[in-house]
Every structure is written in C-alpha cells, then in structure tokens.
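Chemist: For reference, the structure I am asking about is given below.
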Amino acid sequence: MADIHGNADALSAVLADMAAQGAERLIVNGDVVNRGPDSVQVLETLLARDDVSFTLGNHDDLLRLWSERSDTLPAAWFGDPFWGATEWSVQQLDRAGLLHTPADWPMTQRLRLPGLPDVLLAHGTAQHYREGLSERSRPARVQELAQEARAGVLVASHIHRQADAHFGKVRVINTGAVGSPADGDPRAQYLLLTAGKNDWNVDLRRVAYDRSGVLSRFETSGLLARGLSAEIFRDEVVTARSLYTPYWEWTEHTGRPRHEKTWREFQELYLEAMP
C-alpha cells in the first residue's frame, strides 16, 4: 500500500481488508505522511506492527527537508502562506518525535520467491521517488529499469491511481493510493500479491470507507486553517481527483500567484471540464 497521506480512516479500512484476505506481509510503498490531518496516527499505527517494511516516498522525505530548510527546496517556499499545511505536518511529527523516522527508509524493497519473477517495489522508481510508472510509461524506460533491477515485476505508486500493464516480459503494477485516489473513485486502493504456481497473482483492491471522519478532522485539527494547500488536499479527498498538481502547473504556466482567487478561477476551468 502507498500514498496514505495522513488519512487514518482509509488506512484502517485497508488494514482490515488486508487481514481478512490473510495477507502475511505488509510493504508500505511511500508517502505515509503529509496532506491529511492524521500523519502522526498513521505512522504510529504502522510502526507498531511487526510485519511491515517501508520504502521512502517524496512526501516522507519532503517534511525532513522542510524542517532542515534544505537548499534543495526553493527558499521562497518557507515564507509562502501557501505551504502552511506542510509546515503544520512538520510541526505535528516533530512534537511526536517521528519527523526523522523515514530518513532510514530505503528507496526499494524486493520480493523474491523460488520459481517466481523478482518483484522490485519503489514509490516511483529505484532512481527517483517522483518518477511514476503505469501503462503509459515508455516501453524502453520500463525495460531499462527492469534490467537494472533484475526484476520481472516493477511495483510503483506515486500517481494515485492503479495500473497493471505488460511490457514484453516485464509487468508494471501501480498500487494506487490509500488516502487520496485520483481516478474519481474515493475507495482506498492497495495491491494484494499472492504467490501462484509460476507467477504472481495480482489483485488491485478497492475498499470503501466513511470519509466523514477524516474530512471533519481537516477542520477540527487546525490543518484547514493553515492555508490554501490544506483546502486543496481536503478537496482531493472529496473529489478523488488530482487537484494540487494541475493547479500548481496552471499557475506556473500562466504566471498567476497561488491564492484563493486563482484557486476559484482554476476550479471553474478545471472542475467543470472533468468527466
């Protein structure tokens, strides 16, 4: 599972479904925290398990880099009210002593069983956690990654939608997102892999849950009061659509500032055009 993004209710639903399916091992493929109001609870829940391993996601890493005022991030971001939700998540994890926990998470995990193709898991790819993989990936790039990894199956996340595609002998699977899917279906998504006789059986699962609790906590936690980005993250849970990235790209392309007025303009253009 991946892209939980501080949504404890979605995580609980997936963990219950996973247990009902008899899963024996849990790999969390990055982006446990940030965006949602429950980063501390989500991370504590996962760390309390003895069957879990992690890969590093871009949001897990972002909060550490933010806290250090890393020069890998634009300096202007740190004083921009738009980023108030990120600062809020940093503060929450820091108070809980969990801010630097993901620093030790590796970029990849590997599944290896006799007679089955090796499975390499990465939030994006082994080379970068922001490089998404899906049925739309370039075949040459997939083959390159598979050869470097010596794996027949590449499992990715990051793009917040599920995918399952064959590129010759290489299979690409995307877990989708637990906390904020981006394909119009609000159910929490995860991947169940089961060892078959000669191959892996793939079950891209979707689990319904009551979103009213997490949506309420955007307000009661104080997160929603921390700026426009928090409002956008909440609206992504409501719509089950990607809003933050296209809004960011639209403002970059048009040279508009990021504030409530341009967000309303973008909504009129973008949301009305969505199927």
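Chemist: When only Cα pairs under 8 Å and 6 or more residues apart are kept, what is the percent relative contact order across the chain?
Modeler: With pairs under 8 Å counted, the relative contact order is 20 percent.
Chemist: What angle, in degrees between 0 and 90 and rounded to the nearest 10, separates the Cα long axis of helix 8-20 from the longest principal axis of the Cα atoms of the chain?
Modeler: 20
Chemist: Give me the net charge of LEU192's neighbourhood, meaning all other residues with Cβ under 13 Å from the Cβ of LEU192; Lys, Arg count +1, Asp, Glu -1.
Modeler: Charge balance near LEU192 sits at -1.
Chemist: Arrange the following residues from fewest to most other Cβ atoms within 10 Å of their Cβ: LEU116, LEU121.
Modeler: LEU116, LEU121
Chemist: Something else now. Starting from 0.36 nm per residue, how many nanometres of slack lie between THR194 and THR239 once their C-alpha separation is accounted for?
Modeler: Full extension from THR194 to THR239 adds 13.1 nm.
Chemist: Need the full-extension length gain, VAL202 to THR254, defined as separation in residues times 0.36 nm minus the C-alpha distance. One decimal, nm.
Modeler: Taking 0.36 nm per residue and subtracting the Cα distance, the gain is 14.5 nm.
Chemist: Around SER216, under 15 Å between beta carbons, what's the net of Lys plus Arg minus Asp minus Glu among the other residues?
Modeler: Numbers: positive: ARG211, ARG217, ARG234; negative: ASP9, ASP38, ASP210, GLU219, GLU231, ASP235.
Charge balance in the 15 Å sphere: -3.
Chemist: Something else now. What does the charge dipole of region 226-273 about its Cα centre add up to, to the nearest 20 debye, if the Cβ of each Lys and Arg holds +1 and the Cβ of each Asp and Glu holds -1?
Modeler: It comes to approximately 160 debye.
Chemist: Could you work out how much longer the chain between ARG264 and ASP94 gets when fully extended? Use 0.36 nm per residue separation minus the Cα distance between them, nm to one decimal.
Modeler: Full extension of this stretch gives 57.9 nm more.
Chemist: While we're looking at this one, here's another question. What's the angle, to the nearest 10 degrees (0 to 90), between helix 84-95's Cα axis and the longest principal axis of the chain?
Modeler: For 84-95 against the chain, the angle is about 70 degrees.
Chemist: In addition: What stretch of the chain, leaving out the sites themselves, is the longest with no trypsin sites (Lys or Arg not before Pro) in a DSSP loop having at most 13 other Cβ atoms within 10 Å?
Modeler: Result, exposed sites excluded: 198-275.
Chemist: Please give the net charge around GLY36, taking every other residue with its beta carbon less than 9 angstrom from that of GLY36, where Lys and Arg add +1 and Asp and Glu add -1. Present the calculation step by step, with values, prior to reporting the outcome.
Modeler: Working: positive: ARG35, ARG217, ARG234; negative: ASP38.
With Lys, Arg at +1 and Asp, Glu at -1, the net is +2.
Chemist: In the chain, once you exclude exposed GluC sites (Glu not before Pro) (DSSP loop, at most 15 other Cβ within 10 angstrom), what's the longest stretch remaining?
Modeler: On the way: sites that count: GLU24, GLU68, GLU135.
Within the chain, the longest run free of exposed GluC sites (Glu not before Pro) spans 136-275.
Chemist: Given only helices, namely DSSP H runs of n ≥ 4 each adding -39500 (n - 2.57), what is the per-residue ellipticity at 222 nm of the chain, to the nearest 500 deg cm²/dmol? Working shown, then result.
Modeler: Values: 9 runs with 101 residues, N = 275.
Calculated from helices alone, the mean residue ellipticity at 222 nm is -11000 deg cm²/dmol.
Chemist: Set the Förster radius R0 to 25 Å, insert the Cβ-Cβ distance between GLU219 and ARG136 as r into 1/(1 + (r/R0)^6), and round the FRET efficiency to 0.05.
Modeler: With a Förster radius of 25 Å, E is 0.10.
Chemist: Can you find, among TRP250, GLY227, LEU271, the residue sitting farthest towards the positive end of the charge dipole of region 226-273, where Lys and Arg contribute +1 and Asp and Glu -1 at Cβ?
Modeler: Looking along the dipole axis, the top candidate is GLY227.
Chemist: While we're here: Exposure proxy check: ASP199, ASP9 ranked by fewest other beta carbons within 10 Å? Working shown, then result.
Modeler: Details: ASP199 13, ASP9 22.
So the ranking, lowest neighbour count to highest, is ASP199, ASP9.
Chemist: Rounded to the nearest Å, what's the spacing between the alpha carbon centres of region 216-242 and region 36-103? Just the number, please.
Modeler: 17
Readers should treat all values here as calculations from the given coordinates under stated rules, not as data from a laboratory. Fair warning: this is a prediction, and the values are worked out from it, not measured in the lab. Here the Cβ is made from the backbone with ideal geometry for all residues, glycine too, and neighbour counts use every protein chain on show.
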